[in-house]
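The block underneath contains the structure these notes are about, expressed in structure tokens.
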Amino acid sequence: MEWRAENGNRLRLMRGDITRVPADAIVNAANSALAGGGGVDGAIHRAAGPVLRRELDQIRAGIGHCPTGSAVVTTAGALPARFVFHAVGPIYCGGAHGEAELLAACYRKCLELAEERELAVIAFPSISTGAYGYPVEEAAGIAIEEVRRHLERPGIHLREAVFVLFDQAAYDAYLACLPR
């Protein structure tokens with residue numbers, strides 16, 4: 001399923017494995033320690049190979065950690081991409097602790113990183129909806145809105161954003177938020 005902006009840019013939804021999706025950049029749902037983990041983070045690290053760990057070790061040595069709502073960039077190793085954007089989403093604590101703004105900031109930061117690199121295609125997972133407990137129905141609305149708003153802007157490099165959703169429940173939640 002997809003949505004197209006008036007300028008022809010598109011937002012697509014698909015079920016699948018983000019490590020197999022060709023894109024200029026793949027977004028990783030990382031932790032603030034940039035230490036690797038389970039879920040999409042573990043899958044991306046396994047598929048990319050040791051280059052991610054080495055690059056993240058260097059980044060960590062320089063900055064210590066990545067704050068929630070931000071992201072860092074590495075190359076993509078063996079992934080079908082040029083870059084991996086390691087985005088740190090919020091841990092959901094009921095929704096009254098700024099989680100929505102932090103989640104939106106994750107998506108904005110990744111879109112900014114894509115524009116800085118003049119990328120055409122970016123692939124996102126559903127950030128923070130796994131181990132971090134963000135309700136997927138709420139997270140989907142935030143994610144779709146941030147990406148849609150960006151794709152509608154004139155003069156951007158990005159032409160396509162793909163949400164790669166691991167299961168049917170996440171796909172259905174994102175589909176419900178896709179503009180008609």
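No value in this document is a laboratory result; all are computed from the given coordinates. In this text, all values refer to a predicted model and were calculated from it rather than measured experimentally. Note that we place each Cβ from the backbone using ideal geometry, even for glycine, and neighbour counts take in every protein chain shown.
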*Look through Arg46, Arg60, Arg20 and report the one residue that is of a type outside the set (Phe, Trp, Tyr), over 12 Å from the mean Cα position of the chain (by Cα) and under 23 Å from Gln168 (Cα atoms).*
Arg20
*Name the pairs whose Cβ atoms lie under 9 Å apart, with the first residue in segment 77-94 and basic (Lys, Arg), the second surrounded by fewer than 16 Cβ atoms within 10 Å (Cβ to Cβ) and not in a loop (DSSP other than H, G, I, E, B), and 6 or more positions between them or separate chains?*
Arg82/Thr75
*Which of the residues belonging to segment 55-79 are of a type in the set (A, V, I, L, M, F, W, C) and surrounded by fewer than 21 Cβ atoms within 10 Å (Cβ to Cβ)?*
Ile59, Ala61, Ile63, Val73, Ala78
*For segment 39-54, which residues satisfy the criterion of being buried (at least 22 other Cβ atoms within 10 Å of the Cβ) and within 14 Å of Ala131 (Cβ to Cβ)?*
Val40
*If a residue has to be closer than 19 Å to Met1 by Cα, part of a helix (DSSP H, G or I) and more than 11 Å from the chain's Cα centre (by Cα) to count, how many in segment 116-143 make the cut?*
6
*Of all residues in segment 26-38, which are of a type in the set (S, T, N, Q) and crowded, with 21+ Cβ neighbours inside 10 Å?*
Asn28
_Being touching a Phe, Trp or Tyr at 6+ places or on another chain (Cβ under 9 Å), in a helix (DSSP H, G or I) and not small (Gly, Ala, Ser) is true for just one of Leu113, Leu52, Leu13. Which residue is that?_
Leu113
*Just to be sure, is Ala23 surrounded by 22 or more Cβ atoms within 10 Å (Cβ to Cβ), of a type in the set (Gly, Ala, Ser) and assigned to a helix (DSSP H, G or I)?*
no
_Candidate set from segment 105-133 (those that are among the small types (Gly, Ala, Ser) and surrounded by 19 or more Cβ atoms within 10 Å (Cβ to Cβ)); member that is nearest to Asp172 (Cα to Cα)_ = Ser126
